[in-house]
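Notes for the one structure printed next.
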Amino acid sequence: MSLKPLKAENHKDLSSMKELPDSYAWSSVDDDCLLSCSSEPVPVINLEDPNVMKHVGHACKTWGVFHVTNHGIPMAVLDDMEASVRKLFYLPIQQKLKAARAPDGVSGYGAVRISSFFHKHMWSEGFTIIGSPYEHAKKLWPQDYKNFCVVVDEYNKEMKKLTNRLMWLVLGSLGITEGDVKWARQTRDTKEACPALQLNSYPACPDPDRAMGLAAHTDSSLLTILHQNNTSGLQVQREGMGWVTVPPIKGALVVHVGDLLHILSNGLYSSVLHRAIVNRAQHRLSIAYIYGPPSNVRISPLSKLTSIVRPPLYQPVTWSEYLAIKAKYFNKTLSIVRLSAPVNGFVDLKDHKSVIVG
Ligand SMILES: C=C1C[C@]23C[C@H]1CC[C@H]2[C@@]12CCC[C@@](C)(C(=O)O1)[C@H]2[C@@H]3C(=O)O
Ligand SMILES: O=C(O)CCC(=O)C(=O)O
Ligand SMILES: [Fe+2]
């Protein structure tokens, strides 16, 4: 199902382009919006609200995305990370290419992974970091790599705390307690979750109405926490409403329900389809902390959420298996691991090469 990728212009310096090349021109980026652009805002949840669990559950069920405020992450940690990411993308292209992602690799500099599914290029650059940023930072700044590592490590540490807190709120809102999901207690014998940090840069664009920053997709994660700079661009799809813009709120973070939470909740909380559009005047940056389960854990619908009338809708799958299928089938992945009635048998997950671990 993968479409033929465009190869020749893979590493253009977008910020120097005065016109949109044809290979970057997507037809009708704004079509859905013209039909049904909604002004209903994405929920904003104060994590110190006494009813926070109820609000989180409602937002997951209705939107699959929400803002969080009072999340406890110091503003300086967000600002320092944003400044480091800006510094990275402002490096000359030849320098960034020293940390280029290998053709079959996951981490490093390059176009976003899903690019190969589209005939047109996206108006963005990406940098994926899994685990320590050290190897990449050494290549980008051979003498002066320490600061980047310190900032990224601190950011990851804070995100990990917040994700853990959000996971329990999400699970609690489904009536799930610690006893129901052993792996989520982060015991010493489980291999720890290894989140991915996706850095995105969307330079100002000479023809934004025909360009696409990041094409519509769902994240494979359980939860994704997104920090955007002070520039709009993120849009989420809401049934019956089309694309809804999620403008940045200073100091707030955006939380997305990912595909593995969709599976874990047996479809009660749907992963949210989202994309990023670009604009003529401002450079946009975003940082996604993509959180998945520990590598040895198979995610399947929680037994408390299944019954005779609502049987498990998905087969068990590890994060790594899921990513491998996603690399091949992109937005069809959830339906591939879905068990339709009558049970259509299990997909042999071993046929798909592991991506991150194992
Ligand atoms: C751990 C992950 C999750 C990945 C793949 C791998 C590293 C990079 C992530 C993203 C980030 C950008 C959107 C996405 C769809 C993409 O193309 O690369 C994500 C994908 C997923 O959520 O499936
Ligand atoms: O730039 C954005 O707002 C979206 C980024 C995103 O969806 C991702 O990195 O997965
Ligand atoms: Fe995403």
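The values are calculated or read from the model by the stated rules, or taken from the named source; none is laboratory data. Computed from a predicted model, the values in this text were never measured in an experiment. Heads up, the Cβs are rebuilt from the backbone with ideal geometry, glycines too, and the neighbour counts pull from every protein chain shown. What goes into the accessible areas is simple: the full protein's heavy atoms, side chains included, and nothing from ligands, DNA or RNA. Shrake-Rupley method; radii C 1.70, N 1.55, O 1.52, S 1.80 Å.
What helices (runs of 4 or more DSSP H) completely inside segment 46-108 contain at least 2 residues that are open to solvent by less than 10 Å² (accessible area, probe 1.4 Å)?
On the way: elements: 52-62, 75-90, 93-96.
So the answer is 52-62, 75-90.
Out of the residues in segment 274-290 that are within 13 Å of Ser221 (Cα to Cα) and open to solvent by less than 30 Å² (accessible area, probe 1.4 Å), state the one that is nearest to ligand 1 (Cβ to nearest atom). Please lay out each step first, then the result.
Residues of segment 274-290 within 13 Å of Ser221 (Cα to Cα): 288-290.
Then keep just the ones that are open to solvent by less than 30 Å² (accessible area, probe 1.4 Å); that gives 288-289.
Numbers: Ala288: 6, Tyr289: 11 Å.
Among those that are within 13 Å of Ser221 (Cα to Cα) and open to solvent by less than 30 Å² (accessible area, probe 1.4 Å), it is Ala288.
Can you say whether Leu222 is more than 9 Å from ligand 2 (Cβ to nearest atom) and either open to solvent by 40 Å² or more (accessible area, probe 1.4 Å) or closer than 21 Å to Thr333 by Cβ (or both), as far as the supplied structure shows?
Yes; evaluated as a whole, the condition is true for this residue.
Filter segment 250-273 down to the residues that are under 19 Å from Arg113 (Cβ atoms), touching a strand residue (DSSP E or B) at 6+ places or on another chain (Cβ under 7 Å) and open to solvent by less than 10 Å² (accessible area, probe 1.4 Å) and list them by number.
Within segment 250-273, the first condition is being under 19 Å from Arg113 (Cβ atoms), and the residues that meet it are 256, 258-260, 271-273.
Still in the list and also touching a strand residue (DSSP E or B) at 6+ places or on another chain (Cβ under 7 Å): 256, 258, 260, 271-273.
Once the filter is applied, which keeps residues that are under 19 Å from Arg113 (Cβ atoms), touching a strand residue (DSSP E or B) at 6+ places or on another chain (Cβ under 7 Å) and open to solvent by less than 10 Å² (accessible area, probe 1.4 Å), segment 250-273 yields His256, Gly258, Leu260, Val272.
Report yes if Tyr202 is of a type in the set (Phe, Trp, Tyr) and more than 10 Å from ligand 2 (Cβ to nearest atom), otherwise no. Can you show your working first?
Details: of a type in the set (Phe, Trp, Tyr): yes; more than 10 Å from ligand 2 (Cβ to nearest atom): no.
In short, no.
Which one of these is in a loop (DSSP other than H, G, I, E, B) and either open to solvent by 30 Å² or more (accessible area, probe 1.4 Å) or touching an Asp or Glu at 6+ places or on another chain (Cβ under 8 Å) (or both): Pro293, Pro301, Pro247?
Details: Pro293 fails: either open to solvent by 30 Å² or more (accessible area, probe 1.4 Å) or touching an Asp or Glu at 6+ places or on another chain (Cβ under 8 Å) (or both); Pro301 fails: either open to solvent by 30 Å² or more (accessible area, probe 1.4 Å) or touching an Asp or Glu at 6+ places or on another chain (Cβ under 8 Å) (or both).
Unique residue meeting the criteria: Pro247.
Going through segment 321-337 one residue at a time, which ones are open to solvent by less than 20 Å² (accessible area, probe 1.4 Å) and more than 9 Å from ligand 1 (Cβ to nearest atom)?
Ala324, Ile325, Val337
Being away from ligand 1 (no atom under 16 Å from the Cβ) and at pLDDT 95 or above narrows it down to one of Gly267, Gly242, Gly258, so name that one.
Gly267
Do we find that Val152 is at negative phi and within 13 Å of ligand 1 (Cβ to nearest atom) in this structure?
Criteria not met by Val152.
Residues checked against (1) out of contact with any helix residue (DSSP H, G or I) (no Cβ under 7 Å at 6 or more places or on another chain); (2) more than 15 Å from ligand 2 (Cβ to nearest atom):
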{"site": "Arg275", "(1), (2)": "yes, no"}
{"site": "Ile290", "(1), (2)": "yes, no"}
{"site": "Pro311", "(1), (2)": "yes, yes"}
{"site": "Leu323", "(1), (2)": "yes, no"}
{"site": "Leu334", "(1), (2)": "no, yes"}
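Evaluate the following for Gly213: is it in contact with a Gly (Cβ under 7 Å, 6 or more places away or on another chain) and either on the phi > 0 side of the Ramachandran plot or within 14 Å of ligand 1 (Cβ to nearest atom) (or both)?
Working: in contact with a Gly (Cβ under 7 Å, 6 or more places away or on another chain): yes; either on the phi > 0 side of the Ramachandran plot or within 14 Å of ligand 1 (Cβ to nearest atom) (or both): yes.
Taking the combined requirement at face value, the residue satisfies it.
Please go through segment 109-155 and pick out each residue that is among the charged types (D, E, K, R), under 21 Å from Lys87 (Cβ atoms) and crowded, with 19+ Cβ neighbours inside 10 Å. Working first, answer last.
Filtering segment 109-155 for residues among the charged types (D, E, K, R) gives 113, 120, 125, 135, 138-139, 144, 146, 153-154.
Now restrict to residues that are under 21 Å from Lys87 (Cβ atoms): 125, 135, 138-139, 144, 146, 153-154.
Across segment 109-155, the qualifying residue is only Glu125.
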